[in-house]
């Protein structure tokens with residue numbers, strides 16, 4: 001049996017993160033792409049043998065961005081400083097999963113895009129700095145947000 005479906009698994013290491021349309025830093029890892037239904041358990045009258053789980057809402061996972069510590073990203077650091085100073089400025093963060101580069105060159109196609117609405121920094125951390133290590137120093141930024149739009 002022949003199928004006309006084309007399976008195009010996308011590579012997870014080809015992505016682009018922009019904040020309000022501007023790429024402010026290069027990230028090497030993004031996690032927290034999740035939405036989860038919250039439910040309430042309800043029984044029917046006096047019948048305790050059957051438990052129904054009714055949806056009550058959804059909760060969004062925090063978005064975690066990782067990158068090597070570098071000189072770029074001053075605008076990103078300014079955004080973090082605003083949040084630490086008590087005046088977080090929610091922004092639209094867009095994550096695009098990139099496909100393959102077209103034959104002959106050019107920009108890669110966008111496989112899928114997620115838009116995180118009202119995102120703001122809630123945590124920043126860096127790897128331990130050790131003189132006897134030879135690895136890249138990595139900083140991690142965690143963002144809370146008000147929801148995801150799937151495009």
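Structural remarks
- Translational diffusion of the range 92-142, µm² s⁻¹ [Kirkwood Rh, Cα pairs; Stokes-Einstein; 4 °C; 1.567 mPa s]: 89 µm²/s
- Residues 67, 53, 112 arranged by fewest to most Cβ contacts within 10 Å: 53, 112, 67
- Our helix-only sum for the chain, with -39,500 (n - 2.57) per DSSP H run of n ≥ 4 divided by its residues, gives a mean residue ellipticity at 222 nm of -2000 deg cm²/dmol.
- Extension gain from residue 122 to residue 36, taking 0.36 nm per residue of separation minus the Cα-Cα distance: 29.0 nm
- Calculated FRET value between residue 133 and residue 22, using beta carbons and R₀ = 35 Å, to 0.05: 0.60
- From the largest down, the chain spans 65, 56, 35 angstrom on the principal axes of its Cα atoms.
- Of 103, 71, 81, the residue with the greatest mean-square motion in the GNM of the chain, using alpha carbon springs below 10 Å, is 103.
- Placing pseudo-labels 7 Å out from each Cα toward the beta carbon at residue 89 and residue 109 gives an inter-label distance of 3.7 nm.
- Most fluctuating residue given options 21, 61, 86, as computed from a GNM of the chain linking Cα atoms under 10 Å: 86
- Whole-number percent relative contact order across the range 15-150, with pairs defined as alpha carbons under 8 Å at least 6 apart: 26 percent
- Residues listed by number, the range 13-44, amide nitrogen under 18 Å from residue 69 label point at 7 Å toward C-beta: 25-29
The numbers here are math on the coordinates, done by the rules we state, and not lab data. What you are looking at is a predicted structure, and each value in this text was computed from that prediction instead of being measured. With ideal geometry, Cβ positions are generated from the backbone for all residues, glycine too; neighbour counts draw on all protein chains shown.
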